[in-house]
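Derivation of every value follows stated rules applied to the coordinates shown; laboratory data play no part. As the structure is a computational prediction, the values presented were derived from the model and not from experiment. Here Cβ is always computed from backbone atoms with ideal geometry, including for glycine, and neighbour counts include all displayed protein chains.
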Amino acid sequence: MVASGKRLATRAGNIVDIGITKVHLTEEDLAIERGLQNIIASFGTNHILYAEEEHDLFQNSDNLWVVDPISGTSGFIKGAPNSYSIVISHLVNHMTVFAAVYNPTADELFTAFAGKGAFLNNRPIKVSQAHSKVILRPSIAWKRPEVIEKVANLLSGYMVENNWNSIAVEYCAVACGRVDGIATFTKDAFPEFAGGFIIQEAGGKFTNIEGATNINPSDRVFVGGNPEFYDELFTLIKTGSNLKKILWN
């Protein structure tokens, strides 16, 4: 994972988009996913890969590996710092037990193990205790700008950041206390299995918009943060914006 990330750092901004049926696909997306598939296959036939490019059919499995080979391919193609990462999580009996996010730009490897905490380059990390700084991060593929505008207005009393880093990197910023909370509007849920788990193991909360900690591949709206700030954000976003009505009516 780290070796692949270091290679990405040398190619960022100097690689072409080969996507035909989708935009923002590179040969590195495919190479990383295929490499991880080979590793996962060596664990046994009961280990199944669920990944963004060539293994995007979600299957129920006692050992499911959720992979985003490059979280933020568009940023990788542009060469924007911190805009891309590699993301892996391992679910056993539908519960996440391990997750990793590698940010090649900063050479930062975030990991988490069930019941053992979260780490940045092997050093323990914790969420903050503050209630002021929040990331509002819509995916570039999000098609409802009026929703984002409404939520942004609700968050106007906080320090809101939106620097278009990789969503997985943004979750890790919450986990290590650089920011206090996050609200995301996504095109898929691949980074959330790992990012949300890292936040949880760092002492925070992370759920979908229904308040469920065990997320589904179909979920698209997520809230996370340190426990008290998460409660503030979740209540504000879910009830203050009547979000479900806005999204699904």
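Some points to look at:
- Working from label points 7 Å from Cα in the Cα-to-Cβ sense, the ALA31 to VAL2 distance is 2.0 nm.
- Extension gain from ASN38 to TRP164, taking 0.36 nm per residue of separation minus the Cα-Cα distance: 42.2 nm
- Shape analysis of region 2-125 places it in the oblate category; the axes a ≥ b ≥ c from the Cα gyration tensor give an a/c of at least 1.5, with a/b not above b/c.
- Cα long-axis angle, helix 27-41 against the chain (0 to 90 degrees, to the nearest 10): 80
- When shorter helices are ignored and each DSSP H run of at least 4 residues is given -39500 (n - 2.57), the per-residue value for the chain at 222 nm works out to -9500 deg cm²/dmol.
- Extension gain (nm, one decimal) between ASN93 and SER139, 0.36 nm per residue minus Cα-Cα: 13.6 nm
- Long-range Cα-Cα pairs in region 166-211 (distance over 12 Å), rounded percent: 56
- In the chain, the sites counted are GluC sites (Glu not before Pro) in DSSP loop states with at most 14 other Cβ atoms within 10 Å, and the longest stretch holding none of them, exclusive of the sites, is 55-209.
- Label-point gap, in nm, between THR45 and THR239 - each point 7 angstrom along Cα→Cβ: 5.2
- Across the chain, the relative contact order, built from alpha-carbon pairs under 8 Å that are at least six residues apart, equals 16 percent.
- Per DSSP, loop chymotrypsin sites (Phe, Trp or Tyr not before Pro) in region 46-122 with at most 14 further Cβ within 10 Å: PHE58
- Each of MET1, MET159 was scored by other Cβ atoms within 10 Å of its Cβ. Listed from fewest to most, they are MET159, MET1.
- Using a simple spin-label model with pseudo-atoms 7 Å out from Cα toward Cβ, ALA106 and ASP62 lie 3.8 nm apart.
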